[in-house]
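The values are calculated or read from the model by the stated rules, or taken from the named source; none is laboratory data. Every value quoted in this text rests on a predicted model; they were computed, and no experiment measured them. Cβ atoms come from the backbone with ideal geometry, glycine included; neighbour counts cover every protein chain shown.
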Amino acid sequence: MPPTTRRRLADDRDARRPAAATTEASTMTDDTTRSETEVLIMEATYAALRRHGYADLSVAQIADEFKKSKSLLYYHYDSKDDLIAAFLSFAADQFMADIEAVTAAEEPVATVRTLVDHLLTVESREMRDGQRMIIELRGQAVSEPRFRERFTRVDDRLRERIRSALAAGVERGVFDAEIDPEDTAGMLYAALTGAMVQQHTADGDPTEAVRRMIHRRLDRLVVD
């Protein structure tokens, strides 16, 4: 369906909705404030993705996991990729809230070390399945611009979290003043994402080697 046609249909649906439904729909597009309905839809999307994977996934399978009326899901979303795009935004916000929680009270060196360990540590089968699912969806970003935009957004946020910690460390005199926080953050994040992708797409698990390499690099950056 051409985008302009879809927009017109969406406008027509909004015009026919009661005020309460229109308010809920506008809330569901916000990155941080979500209705109970959207949270349940996102949970259903996650459950269906874990069960079926992206390639075999259908809206009907997501609807089967949804705890409310299936018609409500179809009312808000037109396609599988609409649901996945919304899910990626939802997952990114949840993940970044987790990152902020585990690094909020730490000084710059500990912030970077904690973030590295957090990204490379998989503590349960559910975490491993979730990470594998996200890697599979990242592959779809090659041809789906909405997925690419959402992965770019979370990549930028994570890189910025590392960069800001490095910059704060330089300012406080705990990191070598000669480092470029932006370039160093880019290098560290590329190593982290490369390890996570390779862990799920090739034989062998490079995460421990990458973890040791990054911590040794940080050791050299810390001012004695």
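With respect to being at pLDDT 95 or above, of a type in the set (Asp, Glu) and surrounded by fewer than 15 Cβ atoms within 10 Å (Cβ to Cβ), residue 203 falls outside the description. On inspection, residue 127 passes the criterion of being loosely packed, with under 13 Cβ neighbours inside 10 Å, in a helix (DSSP H, G or I) and either among the small types (Gly, Ala, Ser) or out of contact with any Pro (no Cβ under 7 Å at 6 or more places or on another chain) (or both). Pairs meeting the criteria (first residue in the stretch 34-61 and aromatic (Phe, Trp, Tyr), second residue assigned to a helix (DSSP H, G or I) and surrounded by 14 or more Cβ atoms within 10 Å (Cβ to Cβ), beta carbons under 7 Å, at least 6 apart or on different chains) are 46/87; 54/136; 54/137; 54/140.
Meeting the requirement of 3 or more residues that are at pLDDT 75 or above and of a type in the set (Asp, Glu), the helices (runs of 4 or more DSSP H) wholly within the stretch 1-119 are 36-52, 80-103. Summed over the stretch 177-198, residues that are without any contact (Cβ under 8 Å) to a residue 24 or more places away in the chain and in a helix (DSSP H, G or I) total 8.
Looking at residue 99, is it surrounded by 14 or more Cβ atoms within 10 Å (Cβ to Cβ) and either more than 27 Å from residue 214 (Cβ to Cβ) or not assigned by TED's automatic domain parsing to the domain that holds residue 191 (or both)?
Values: surrounded by 14 or more Cβ atoms within 10 Å (Cβ to Cβ): yes; either more than 27 Å from residue 214 (Cβ to Cβ) or not assigned by TED's automatic domain parsing to the domain that holds residue 191 (or both): no.
Spelling it out, it is not the case that residue 99 is surrounded by 14 or more Cβ atoms within 10 Å (Cβ to Cβ) and either more than 27 Å from residue 214 (Cβ to Cβ) or not assigned by TED's automatic domain parsing to the domain that holds residue 191 (or both).
Any idea how many residues of the stretch 159-173 are among the hydrophobic types (A, V, I, L, M, F, W, C) and out of contact with any helix residue (DSSP H, G or I) (no Cβ under 6 Å at 6 or more places or on another chain)? Reasoning before the result, please.
Our first condition is that a residue be among the hydrophobic types (A, V, I, L, M, F, W, C); within the stretch 159-173, this holds for 162, 165-168, 170.
Adding the requirement that they be out of contact with any helix residue (DSSP H, G or I) (no Cβ under 6 Å at 6 or more places or on another chain) leaves 170.
The total comes to 1.
Restricting attention to the stretch 173-214, which residues are among the small types (Gly, Ala, Ser) and over 23 Å from residue 156 (Cα atoms)?
Just the residues of the stretch 173-214 that are among the small types (Gly, Ala, Ser), to begin with: 173, 177, 185-186, 190-191, 194-195, 202, 204, 209.
If the condition is that a residue be among the small types (Gly, Ala, Ser) and over 23 Å from residue 156 (Cα atoms), then 173, 177, 202, 204, 209 are the ones that fit.
Consider residue 80 carefully, then state whether it is without any contact (Cβ under 8 Å) to a residue 12 or more places away in the chain, surrounded by fewer than 19 Cβ atoms within 10 Å (Cβ to Cβ) and more than 23 Å from residue 206 (Cβ to Cβ). I'd like the intermediate steps shown before the answer.
Numbers: without any contact (Cβ under 8 Å) to a residue 12 or more places away in the chain: no; surrounded by fewer than 19 Cβ atoms within 10 Å (Cβ to Cβ): yes; more than 23 Å from residue 206 (Cβ to Cβ): yes.
No.
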